[in-house]
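Sharing a structure with you now.
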Amino acid sequence: MHPDVRKLLEVQKVDQSIAKIQRDLDSIPRERARREAALDAIRRRHDELVAGLRQAEVDARSNETSIRSADEEIKKLETRLNAVRNNAEYQATLLQIGSVRQERGKTEEAGLALLERIEALRAELVAKKAELDEAQGVFDAFVSEGEVFLARRRIDLEKVSKGRDGLTHGVPPDLMARYSKMFGARDSLAVCAVDGRTCTGCYTAIPPNLLVKLQASSAVVTCNSCQRILYLAE
Ligand SMILES: [Zn+2]
C-alpha cells in the first residue's frame, strides 16, 4: 500500500469515529427541539382551555346578572300593574311583563348551555393538565439524560480526536484536501479497498492499468467512477 494511503486510512478510521460522535451530538438537540415543539403544542391547547373556561365563567356571571335584573324588572312591572288607572295601561304593562319574561327565558336557556360548556371545559382541562404534566416530566427526563449523554460524547470526541492531526503528518496537502472533500461527499468513506478487481465504494470494476499501479504501490490511485482513494485489500 502507498504510504500516504496507509496514513489516510488511519486518519479515516479516526474521522469515521468523529463523524459518528458528531451525529450523536447533532441528533440530541434536534430531538430536543422536536420534543419541545410537541410539548409546546400541548401547553398551548392547555392555555386555550384555561382562557376558554375563564371566559365562559365571566359569561355565566353576566348571564346571572341579566336574569336578576329581569326579575327586578318584572317585580317593578307587577307593582305598577296594581297602580294602573285604566285598562289600556293595564294591558300595556301586561305585554311588557310578557316580553321581559320571554327575554328572561332565553337568557336562562343560554345560561344552562354555558354551565354545560363550563362543565365540559373543566373535564377537558383536567385531562389536558394531566397530559401536560406527564409530557413535561418525560421531556425533563429526556433533557437531563440528553445532557449526560452529550457530556459523555464530548469526552469521547476529545479522546478520539487526540492525535488525529499527528496521523496526517507527511501527507501532501493537496492529497489531504482531496481526502477531506471526498470524506464529506462520500458518506465518510474517502479511502476504500479494492476487493478482487472491484471498488468496494461503488462496486465498479477497476481497469487493469490501475490495478497494476495499485500493486506497485507507487502512486495514489483513485477510482474512475467514484473518485475514492483506493488500496488493495490485504
Ligand atoms: Zn469507486
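The values are calculated or read from the model by the stated rules, or taken from the named source; none is laboratory data. Note that the structure is predicted; figures quoted are calculated from it, not measured. Virtual Cβ from ideal backbone geometry, glycine too; neighbours counted across all protein chains shown. Quick note on the areas: whole protein, heavy atoms, side chains included, nothing else; ligands and nucleic acids left out. Shrake-Rupley method; radii C 1.70, N 1.55, O 1.52, S 1.80 Å.
Scan VAL100, VAL58 and give me the residue that is under 40 Å from the mean Cα position of the chain (by Cα) and in a helix (DSSP H, G or I).
Among VAL100, VAL58, only VAL58 is under 40 Å from the mean Cα position of the chain (by Cα) and in a helix (DSSP H, G or I).
Being within 8 Å of the ligand (Cβ to nearest atom) and open to solvent by 60 Å² or more (accessible area, probe 1.4 Å) is the filter here, so list the residues in region 198-234 that pass it.
If the condition is that a residue be within 8 Å of the ligand (Cβ to nearest atom) and open to solvent by 60 Å² or more (accessible area, probe 1.4 Å), then TYR203, ASN224, SER225, GLN227 are the ones that fit.
Evaluate the following for ARG164: is it closer than 30 Å to ASP15 by Cβ, modelled with pLDDT under 95 and not hydrophobic (A, V, I, L, M, F, W, C)?
Yes, satisfied.
Could you figure out which of (1) farther than 29 Å from ARG35 by Cβ; (2) assigned to a helix (DSSP H, G or I); (3) in contact with a helix residue (DSSP H, G or I) (Cβ under 8 Å, 6 or more places away or on another chain) isn't true of VAL143?
(1)
Report yes if some residue within region 182-191 is free of Cβ contacts under 8 Å to residues at least 60 places away in the same chain and in contact with a Cys (Cβ under 7 Å, 6 or more places away or on another chain); otherwise report no.
yes
Applying the selection to region 128-140, what residues are open to solvent by less than 60 Å² (accessible area, probe 1.4 Å) and closer than 14 Å to GLU48 by Cα?
Of everything in region 128-140, those that are open to solvent by less than 60 Å² (accessible area, probe 1.4 Å) and closer than 14 Å to GLU48 by Cα turn out to be LYS128, LEU132.
Still on this structure, I have one more. For ARG178, state whether it is part of a helix (DSSP H, G or I) and outside the structural domain of GLU36 (by TED's automatic domain parsing).
The answer is yes for ARG178.
One line per residue, one yes/no per condition, for (1) at pLDDT 95 or above; (2) open to solvent by 90 Å² or more (accessible area, probe 1.4 Å):
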| position | (1), (2) |
| --- | --- |
| LEU25 | yes, no |
| LEU39 | yes, no |
| ARG43 | yes, no |
| SER62 | yes, no |
| ARG80 | no, yes |
| ALA88 | no, no |
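Let me ask another. Just for region 146-197: of the residues that are away from the ligand (no atom under 16 Å from the Cβ), over 16 Å from ILE18 (Cβ atoms) and of a type outside the set (A, V, I, L, M, F, W, C), which one is least open to solvent (accessible area, probe 1.4 Å)?
Looking at residues that are away from the ligand (no atom under 16 Å from the Cβ), over 16 Å from ILE18 (Cβ atoms) and of a type outside the set (A, V, I, L, M, F, W, C), I get GLY146.
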